[in-house]
Amino acid sequence: MSSNFYTLYIDPYSAIIIKICRTYTNTQEDFEDYYQEVCLQIWRSRANFKQQSEWSTWIYRISLNVCLTLFKKDKKNKTSVATLPIPTEIDEEPTYSDEALNQLNRAIKQLSEIDRAVILLYLEGKAYKEIAEILSTNTNNIGVRIQRIKKRLKKILTNER
């Protein structure tokens, strides 16, 4: 992967990638593996980008697909392909000054993989249509899922207090 591609097409969207990778990992080592694999897959699939959506939507889609795939695998034998620059401000587990955000983060980690993706995109302010496009589903499905996820999160957060 050329550093020019990374600088132009990945680095400006690293916050998206970081957020998604953090949602599906619990350790710094796993986070770094996921982050590098997402970057590699973005580079590999760059020719498939048809410009029918925003580049950021493409980044979300690839990041989520890679993280969901890796999350489901048992990664006992990890190998490193190449070392990409990974932002250094990442903590082992993200913490926020507001305890409510910490509780929400812990609650989201208790959701299923796909529900994590849906609520993450929803909290990013993505429209139902864009969430559906990223996750390759329909808009009505997203609306129903979000309502169910909100109820589940409320229940988890109520029991945590």
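The values are calculated or read from the model by the stated rules, or taken from the named source; none is laboratory data. Because the structure is a prediction, the values reported are computed rather than measured. All Cβ positions, even for glycine, are placed from backbone atoms using ideal geometry, and neighbour counts span all protein chains on display. Side chains are part of the model used for accessible areas, which takes the heavy atoms of the whole protein and leaves out ligands, DNA and RNA. Shrake-Rupley method; radii C 1.70, N 1.55, O 1.52, S 1.80 Å.
Condition first: assigned to a helix (DSSP H, G or I) and either touching a helix residue (DSSP H, G or I) at 6+ places or on another chain (Cβ under 6 Å) or more than 23 Å from Glu130 (Cβ to Cβ) (or both). Now tell me which residues in the range 58-77 satisfy that.
Ile59, Tyr60, Arg61, Ile62, Ser63, Leu64, Val66, Cys67, Leu68, Leu70, Phe71, Lys72
Mind checking which residues of the range 40-67 are open to solvent by less than 40 Å² (accessible area, probe 1.4 Å) and modelled with pLDDT under 85?
Matches in the range 40-67: Ser53 only.
Out of all the residues in the range 137-160, which are in contact (Cβ under 8 Å) with a residue 40 or more places away in the chain and open to solvent by 60 Å² or more (accessible area, probe 1.4 Å)?
Arg152, Glu160
Step by step: first the residues of the range 17-39, then only those that are closer than 15 Å to Leu64 by Cβ and surrounded by fewer than 20 Cβ atoms within 10 Å (Cβ to Cβ), then the one that is modelled with the lowest pLDDT. Which residue is that?
Out of the qualifying residues, it is Lys19.
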